[in-house]
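Worksheet for the structure shown next.
The values are calculated or read from the model by the stated rules, or taken from the named source; none is laboratory data. A quick note: this is a predicted structure, and the numbers were derived from the prediction, not measured. Don't worry about glycine lacking a Cβ; one is built from the backbone with ideal geometry, like all the others, and counts go over all protein chains shown. Surface areas here come from the heavy atoms of the whole protein model, side chains and all, with no ligands, DNA or RNA. Shrake-Rupley method; radii C 1.70, N 1.55, O 1.52, S 1.80 Å.
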Amino acid sequence: MTVLQTLVDLGVAQETLTRMVGVLVAAYLATKVVRFVLTAAVERIPRRGVTIKIFIPVARVLIYGTAAYLILGPLLQLSAAQLLAVSGLFGAALGLGLKDLFAAIVGGLVLVTERPYQVGDKIAIDDDYGEVTDIDLRATTLRTPDDSAVSIPNGTMFTSNVSNANDGTPQMMVVVELAVTAAADVDRASAIVREAMVTSKYVYVDDDHSFTVLVEDESYYRTIRGKAYVADLRDEFAFASDVTERSLAAFASEEIEVPEAPVHASEHR
C-alpha cells in the first residue's frame, strides 16, 4: 500500500494530497535549479568557490524545510501558532540527536566568514595533515601525504588547533631536520645544509622569503634545522628529500658523524 493510499484511507482530502505532491515536486525542482545556479557561479567566480559551495546544502535545507511547513499545516490542520510550536519541539528533539552534525554545520558557516583555510592549502588539524581538497557544509576533506582522503567534521575547528602552512599562497616554508653527533663539526654541517637548500631546484628565495639554519644542542647530539620556502607547495616533500639526501651524502664525504640510530629527520610545518 502506497503512502498516498494510506493518507486517503485516513481521510485526507484529494485536494490536500494534490497540494502535497505539488509542493514536493516544486521543492525538488527548486533544489536542482539552486544547485545548478550556484555551481555555475563557482565556475565563474573560482575565488569564491568555497563560499558558494557551502550554501548549496544550506539552500537545500531551507527549501525542504519550507516544503515541510506547507505540507504539515493542511495535513494536521494546525494553526500557524501550533505548527510553529510543533516545529520548535521537533527541532529541539532533532538537535539533541544530531548535535554533532549541527556543530559541523555551524563550523562550516564559520569557515565562510573567517576563512582560516581554503581549498589548496596545506593544513594540520590535530594529528591529520594534508592538502585541503574539498570543503562542504559538514566536513573538510584532506589529502594526506600517503594519498589518503581524510574527512574532518567542521565542528572540530572549535576544539582543535588549526595550522595553515601556506595561507592561500603557493609558497610554503619547509623545515628539514638532521642530526649530527656532539663531537661533529657543527659549523661545517650547518654550511652543508645551507648549501643544499639554496642550490635545490625547488627552493624559493626573495626579499620576503628568506632561509635560515638553526642549531639545537641536545644531550648526545645536535639537531640542524634548515628552514626555507618552496615555490610550489606540492614540492614540499621533494624539497625535503632532496636537501636531506644531498646533506647526508656531504656529511659522509667529509666524515661528519651522525647518530647511529636515526634521531629525527622529517619535515614540519
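Mind checking which residues of the stretch 178-211 are basic (Lys, Arg) and either open to solvent by less than 80 Å² (accessible area, probe 1.4 Å) or in a helix (DSSP H, G or I) (or both)?
First pass over the stretch 178-211, keeping only residues basic (Lys, Arg): 188, 194, 201.
Residues satisfying the conditions are Arg188, Arg194.
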From the residues in the stretch 150-169 that are touching a Leu at 6+ places or on another chain (Cβ under 9 Å) and assigned to a loop (DSSP other than H, G, I, E, B), which one is least open to solvent (accessible area, probe 1.4 Å)? Asn166
Right, Ile256: in contact with a strand residue (DSSP E or B) (Cβ under 7 Å, 6 or more places away or on another chain) and either open to solvent by 70 Å² or more (accessible area, probe 1.4 Å) or in contact (Cβ under 8 Å) with a residue 40 or more places away in the chain (or both) or not? yes
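Here is a check on your reading of the model: is Met157 in contact (Cβ under 8 Å) with a residue 60 or more places away in the chain and within 30 Å of Thr141 (Cα to Cα)? Step through it out loud before you land on a result.
Values: in contact (Cβ under 8 Å) with a residue 60 or more places away in the chain: no; within 30 Å of Thr141 (Cα to Cα): yes.
Against the criterion (in contact (Cβ under 8 Å) with a residue 60 or more places away in the chain and within 30 Å of Thr141 (Cα to Cα)), Met157 does not qualify.
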Across (1) open to solvent by 70 Å² or more (accessible area, probe 1.4 Å); (2) at pLDDT below 85, Asp126 clears everything bar (2)
